[in-house]
Amino acid sequence: MSRLRTAIQASARGPATRTESGTYVKTYCFESDFIGFSGHFPGYSILPAVIQVFAGLVTAEEIKGYPLQLITITKAKFHIEIRPGHEIHVECREGTAQGKESIEFTLIVPEGIAAKVAAIVAKKE
């Protein structure tokens, strides 16, 4: 996973910034040679849902300042295919769910909301 994490971080367009509403936003652009497109799908590359979730997790780790372990995804909806070269804004909110640390993030592309995910996480030991 560290190779994938490094590739996601390299696709970032700067650090996460905090908005007035308390949401953090980080921008990514995954080019056609990004490792996450490998084999998904030949001739019609689409960013896999697992990579979208991982981009949200990487963003949350930057915000929190420590590595996170994904415990469970409590909600996930994927609306728009993310293709190579799309500029993606990951909006991330910290919170609690079921008495545990959680994150909610939304991936936004020029066409609209690509995905919304809520997950319970824990500090990685």
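For Ile103, neighbours were defined as the other residues whose beta-carbon sits under 9 Å from its Cβ, and their charges (Lys and Arg +1, Asp and Glu -1) total -1. Can you tell me, using C-alpha contacts under 8 Å and at least 6 residues apart, the relative contact order of the stretch 28-125 as a whole percent? Result for the stretch 28-125 is 31 percent.
Using the Stokes-Einstein relation with a Kirkwood hydrodynamic radius computed over Cα pairs, the translational diffusion coefficient of the stretch 48-112 at 20 °C and a viscosity of 1.002 mPa s comes to 169 µm²/s.
Panel values: the stretch 2-51, Kirkwood radius from alpha carbon pairs, Stokes-Einstein at 37 °C and 0.692 mPa s, translational diffusion coefficient 267 µm²/s. Summarising the label geometry, the points placed 7 Å from Cα in the beta-carbon direction at Glu111 and Glu125 lie 4.4 nm from one another. Sequence-distant contacts, meaning Cα pairs under 8 Å at least 6 residues apart, place the relative contact order of the stretch 1-53 at 25 percent. Applying Stokes-Einstein at 37 °C and 0.692 mPa s to the Kirkwood radius of the chain, computed over alpha-carbon pairs, gives a translational diffusion coefficient of 225 µm² s⁻¹.
Using only Cα atoms, tell me the angle between helix 49-64 and the longest principal axis of the chain; keep it within 0 to 90° and round to the nearest 10. Roughly 40 degrees, rounded to the nearest 10. Put a dot 7 Å past the Cα of Glu87, heading toward its Cβ, do the same for Ser21, and the two dots end up 1.9 nm apart. Over the chain, dividing the summed -39,500 (n - 2.57) contributions of all DSSP H runs of at least 4 residues by the number of residues returns a 222 nm mean residue ellipticity of -6500 deg cm²/dmol. Ordering of 8-17, 84-93 by packing is 84-93, 8-17, highest average first (other Cβ atoms within 10 Å, averaged per residue). Once the chain from Arg5 to Asp33 is taken as fully extended at 0.36 nm per residue, the excess over their C-alpha distance is 8.6 nm. The string of couplings for the stretch 26-36 from the Karplus curve (6.51, -1.76, 1.60, θ = phi - 60°) is 9, 10, 10, 9, 9, 7, 4, 8, 4, 4, x Hz, one whole number per residue in order, with x for Gly and Pro.
Since every read-out is calculated from the coordinates, none of them should be taken as a lab result. Keep in mind the model is a prediction, meaning the values are calculated, not measured. Positions of Cβ are generated from backbone atoms using ideal geometry, with glycine treated the same way; all protein chains shown enter the neighbour counts.
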